[in-house]
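The values are calculated or read from the model by the stated rules, or taken from the named source; none is laboratory data. Owing to the predicted nature of the structure, the values given are computational and were not obtained by experimental measurement. We place every Cβ from the backbone using ideal geometry, glycine too, and count neighbours over all the protein chains shown.
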Amino acid sequence: MTTDVNRRRLLLLAPLGLVALGGAAFYAMLERMEQGTFDPHAIGDPRVGKPLPKFDLPGVAPAQGFSSTDVQQAAAQQPVLLNFFASWCIPCVQEAAVLATLSQIGLSVWGIAYEDKASATNQFLNRYGNPYARIADDSHGRTAIDFGVYGVPESFLVDSKGIVRWHMAGPLNDDVVRGPLQNALKSLA
Amino acid sequence: MIPELGHFALALACVLAFAQAFVGIWGAHRRDARLIAATPGLAVGQLLALAAAAGCLVYSAVTNDFSVANIAENSAIAKPLLYKITGTWGNHEGSILLWGLILGICGGAVSLFGRNLPSGLRARVLGVLGGTSAGFLLFALTTSDAFARLWPAPPDGAGMNPLLQDPGLAFHPPILYTGYVGFAVPFAFAVAALLEGRIDAAWGRWVRPWALTSWAFLTCGIALGSWWAYYELGWGGYWFWDPVENASLMPWLTGTALVHSAIVVEKRESLKIWTVLLAIGTFSLSLSGTFLVRSGILNSVHAFANDPARGIFILSLLGLVIGGSLLLFALRAPTLASGGIFAPLSREGALVLNNILLCSICAVVIMGTMYPPFADLLLGQKISVGAPFFNATVFPLAIPTFAVMAMGPLLPWKRARLGPVLAHAWWAGLIAVIVAGICAIGMKIVTALAFGVAAWLILGSFAEVVERTLLFRAPVATSFRRARGLPTAVLGAAIAHAGMGVTIAGIAGVSLSQSKIVALAPGGQTQLGPYHFTLLDLRDAPGPNYQARIADIAITRNGVPFDTVHPERRSFPKAQQTTSDVTIETNFLRDLYVVLGEERDGQAVLRFHINPLAPWIWLGALIMAAGGMLSLADRRLRIGAPSRARNAAAALPA
């Protein structure tokens with residue numbers, strides 16, 4: 001008889017338990033949304049977690065270009081932020097200041113000029129500053145296709161094993177740098 | 001000055017709500033007659049203060065007071081007056097104020113119409129409503145202030161999302177929210193009953209009209225939202241299983257279950273604990289729906305400005321309201337005595353089955369809606385759950401629900417036999433099978449089945465009415481006399497159930513829709529079904545706060561001139577947004593749906609749909625709500641006055 005009553009009490013406690021679990025999960029979601037480690041609106045990112053696509057690009061004359069192997073070798077020492085940009089891209093102008101700050105604080109930023117003329121790229125770098133440790137020229141956009149680039153600007157964070165660990169489609173801004181990018185860098189360290 | 005008065009009125013309402021909560025619950029607990037007597041006055045006071053606050057916001061909107069941040073962000077001088085008024089609840093801050101106002105109206109209604117309730121129960125109900133209201137008003141005051149000022153005030157406002165600038169949507173929030181918030185009253189009754197530790201038939205009788213009213217409003221609200229999506233978004237669809245739509249469907253499903261299980265409490269004093277849980281669950285789902293939409297957790301096309309900080313506040317509030325009531329439920333429900341027993345095959349049995357099926361559908365919808373964020377949180381997987389999942393899981397559960405729906409009202413209470421029921425309803429079943437059989441020729445089997453189910457529901461629902469009025473078996477005059485003597489509850493139930501049948505027929509009809517997308521230059525022609533379309537002209541026309549591009553299209557049917565329609569594309573320069581103004585030519589049996597798309601090289605992309613029976617989807621919902629309201633009329637004499645009804649019955653000659 002008492003077991004019956006106890007079972008009944010347990011059953012009637014079940015809704016509260018379910019709601020408590022749900023509430024805890026929602027709290028976790030909101031917390032992590034604020035920290036920037038959880039974004040229910042982000043679309044799946046097939047590139048993250050995969051190794052860098054192979055490429056070997058010329059430089060923007062007169063500088064030398066680089067290949068995926070170069071990136072891997074550099075990333076073995078320190079994470080590399082690979083940034084697709086173009087002189088014709090207005091958000092890239094906005095982003096230039098953020099990239100400059102990042103390279104000043106010691107992050108290794110490498111640039112790939114997307115579908116652009118060398119002269120225009122040089123003009124762009126002269127006007128808005130050159131935050132890039134090295135620059136390659138993807139004037140045909142083939143490498144961008146291998147990376148699955150949606151549009152410029154777009155950035156990929158490469159870890160010591162040559163694997164893309166974080167990705168951002170669109171310009172980097174202070175919020176992104178302080179939130180998701182910093183979290184990604186912390187997880188690499 | 002006026003916005004400050006509004007802000008003050010809001011703060012006053014919040015204070016009154018706290019007082020109402022304390023005085024009501026404490027007074028009833030201490031059986032203090034003075035405190036108990038003070039509660040209704042506080043509820044009415046709260047309502048007046050909230051009405052004043054809402055009035056101030058509307059006044060500021062109408063007078064273009066752009067020093068109020070909320071109005072500067074959402075209104076503009078060029079906006080038509082109607083949308084200046086309705087726009088006050090078209091944004092987060094204003095909609096929270098509307099929420100509070102409707103909750104206040106609920107409290108006021110319980111105070112004014114609940115005079116027949118025992119004063120202790122009424123004080124507790126008002127106390128619970130006051131507590132809930134206090135939480136929401138505090139939320140409005142601290143994180144979502146609709147009266148916050150902006151300095152310097154801009155010369156003109158930013159304007160409203162043009163998609164929302166539509167008469168259908170203007171009245172959608174008040175109706176939907178009345179449905180959502182109305183379930184606060186059954187919730188308050190449930191919590192009050194748990195506090196009192198007593199539930200009886202009278203409780204079921206008091207709760208039912210409130211539940212039924214909210215249910216009817218929620219039904220209309222969902223239908224209006226779906227209708228808006230159909231004609232305004234221009235996609236030709238009416239239900240997208242979008243999380244926001246699901247958020248309104250979930251309380252509707254449990255609310256429907258509640259409306260039915262409360263009958264069992266009223267008539268048979270059974271299913272009490274379950275009914276209390278449903279009352280708590282329905283309001284909890286209403287609240288959670290609001291929370292999920294505003295927190296940004298769900299991925300939806302209908303986005304409010306998302307703010308996780310706000311989310312934390314609402315989540316705590318939800319924890320307090322839902323967690324508190326469920327804790328009380330866990331503590332007190334085991335002590336509630338269960339009532340009458342019944343055989344599986346009986347009216348009660350059918351209602352239990354209805355509850356199980358409706359709650360299963362609700363569980364499936366919750367699963368499908370909540371799985372993506374939970375999978376993301378726990379497994380780190382990005383997935384989206386859409387129409388294929390819901391169609392595959394909801395329909396198998398919906399079909400038995402519909403099958404039982406028409407049968408249930410024919411079963412007697414306590415214990416039933418199948419024989420007499422079949423004797424009453426065989427003709428409806430036969431016609432349904434014939435309909436399904438005819439439809440099966442040249443249609444998909446699911447569609448044919450849906451038409452059969454629709455026929456079964458519409459006809460079967462009236463089987464009881466036919467039976468009781470001896471229709472077709474007695475002279476028409478006798479039937480008419482008997483029909484007038486029929487309780488309106490019986491008629492209301494039959495109408496509501498038939499309304500569901502009409503909706504199903506509409507859904508089945510639209511699944512047969514034909515469509516065509518063509519690019520036409522002026523003078524171009526195209527054919528779809530029996531209709532021939534000629535694009536006569538493409539022209540520009542100015543609107544009050546938009547520029548319209550209009551296509552004039554002549555339609556002939558089998559060569560006979562039929563109609564000329566003018567679909568538009570409107571561009572709103574202020575919002576930098578374009579909307580399509582679909583034309584729908586309807587004769588209630590099918591919609592001709594024409595959309596004007598983008599133009600390129602002198603050619604306009606036009607989309608034509610023929611949607612058979614489309615209007616029936618929303619017509620059915622209206623019929624359902626009307627049925628609910630009709631059966632409410634039956635209760636009027638008996639609401640809270642069981643003794644009077646009994647006396648009246650005794651006074652009638654036997």
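Every listed requirement among (1) aromatic (Phe, Trp, Tyr); (2) modelled with pLDDT under 85; (3) over 36 Å from the mean Cα position of the chain (by Cα) is met by residue B:480 save one, (3). Residues that are under 22 Å from the mean Cα position of the chain (by Cα) and either at the interface with chain A (Cβ under 10 Å from one of its Cβ atoms) or under 25 Å from residue B:237 (Cα atoms) (or both) within segment B:394-405 comprise B:394, B:395, B:397, B:398, B:399, B:401, B:402, listed in sequence order. Residues in segment A:29-38: is at least one within 10 Å of chain B (Cβ to nearest Cβ), buried (at least 18 other Cβ atoms within 10 Å of the Cβ) and in a loop (DSSP other than H, G, I, E, B)? Yes; the residues of segment A:29-38 include at least one that is within 10 Å of chain B (Cβ to nearest Cβ), buried (at least 18 other Cβ atoms within 10 Å of the Cβ) and in a loop (DSSP other than H, G, I, E, B).
Pairs meeting the criteria (first residue in segment B:474-495 and within 14 Å of residue B:631 (Cα to Cα), second residue part of a loop (DSSP other than H, G, I, E, B), beta carbons under 9 Å, at least 6 apart or on different chains) are B:494/B:462; B:495/B:462.
Taken over segment B:314-330, the criterion of being in contact (Cβ under 8 Å) with a residue 60 or more places away in the chain and either facing chain A (nearest Cβ under 10 Å) or among the hydroxyl-bearing types (Ser, Thr, Tyr) (or both) is satisfied by B:314, B:325, B:328, B:329. Would segment B:98-106 turn up any residue that is touching a residue at least 40 places away in the same chain (Cβ under 8 Å) and in contact with a strand residue (DSSP E or B) (Cβ under 8 Å, 6 or more places away or on another chain)? No; the residues of segment B:98-106 include none that is touching a residue at least 40 places away in the same chain (Cβ under 8 Å) and in contact with a strand residue (DSSP E or B) (Cβ under 8 Å, 6 or more places away or on another chain).
Residues of segment B:206-247 that are over 30 Å from residue B:607 (Cα atoms) and of a type outside the set (Val, Ile, Thr): B:206, B:208, B:209, B:210, B:211, B:212, B:214, B:215, B:216, B:217, B:218, B:247. Go through (1) exposed (fewer than 13 other Cβ atoms within 10 Å of the Cβ); (2) away from chain B (no Cβ under 13 Å) for residue A:55 and report which single condition fails. All conditions pass for residue A:55, except number (1). Checked against (1) at pLDDT 85 or above; (2) under 24 Å from residue B:412 (Cβ atoms); (3) loosely packed, with under 15 Cβ neighbours inside 10 Å, residue B:542 passes all but condition (2).
Rundown of residues vs (1) over 17 Å from residue B:320 (Cα atoms); (2) within 13 Å of another protein chain (Cβ to nearest Cβ); (3) of a type in the set (S, T, N, Q), yes/no style:
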residue: B:252; (1), (2), (3): yes, no, no
residue: B:258; (1), (2), (3): yes, no, no
residue: B:262; (1), (2), (3): yes, no, no
residue: B:266; (1), (2), (3): yes, no, no
residue: B:273; (1), (2), (3): yes, yes, no
residue: B:278; (1), (2), (3): yes, yes, no
residue: B:283; (1), (2), (3): no, yes, no
residue: B:294; (1), (2), (3): yes, yes, no
residue: B:298; (1), (2), (3): yes, yes, no
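Tell me, yes or no, whether segment A:45-56 has at least one residue that is small (Gly, Ala, Ser) and assigned to a helix (DSSP H, G or I). Checking segment A:45-56: not a single residue is small (Gly, Ala, Ser) and assigned to a helix (DSSP H, G or I). Residue B:416: over 18 Å from residue B:350 (Cβ atoms) and not assigned by TED's automatic domain parsing to the domain that holds residue B:342, yes or no? It is false that residue B:416 is over 18 Å from residue B:350 (Cβ atoms) and not assigned by TED's automatic domain parsing to the domain that holds residue B:342.
Residue-by-condition table, conditions (1) over 20 Å from residue B:227 (Cα atoms); (2) within 30 Å of the chain's Cα centre (by Cα); (3) surrounded by 15 or more Cβ atoms within 10 Å (Cβ to Cβ):
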site: B:564; (1), (2), (3): yes, no, no
site: B:571; (1), (2), (3): yes, no, yes
site: B:576; (1), (2), (3): yes, no, no
site: B:586; (1), (2), (3): no, yes, no
site: B:599; (1), (2), (3): yes, no, yes
site: B:605; (1), (2), (3): yes, no, no
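Of all residues in segment A:8-28, which are loosely packed, with under 15 Cβ neighbours inside 10 Å, of a type in the set (Gly, Ala, Ser) and facing chain B (nearest Cβ under 7 Å)? Correct list: A:28 only. Of all residues in segment B:407-459, those being over 30 Å from residue B:512 (Cα atoms) and touching a Ser or Thr at 6+ places or on another chain (Cβ under 8 Å) number 7. Filtering segment B:368-384 to residues that are in contact (Cβ under 8 Å) with a residue 12 or more places away in the chain and within 13 Å of another protein chain (Cβ to nearest Cβ) leaves B:369, B:371, B:372, B:373, B:383, B:384.
The set of residues in segment B:259-277 being under 18 Å from residue B:357 (Cβ atoms) and either β-branched (Val, Ile, Thr) or assigned to a helix (DSSP H, G or I) (or both) consists of B:259, B:260, B:261, B:262, B:263, B:264, B:274, B:275, B:277.
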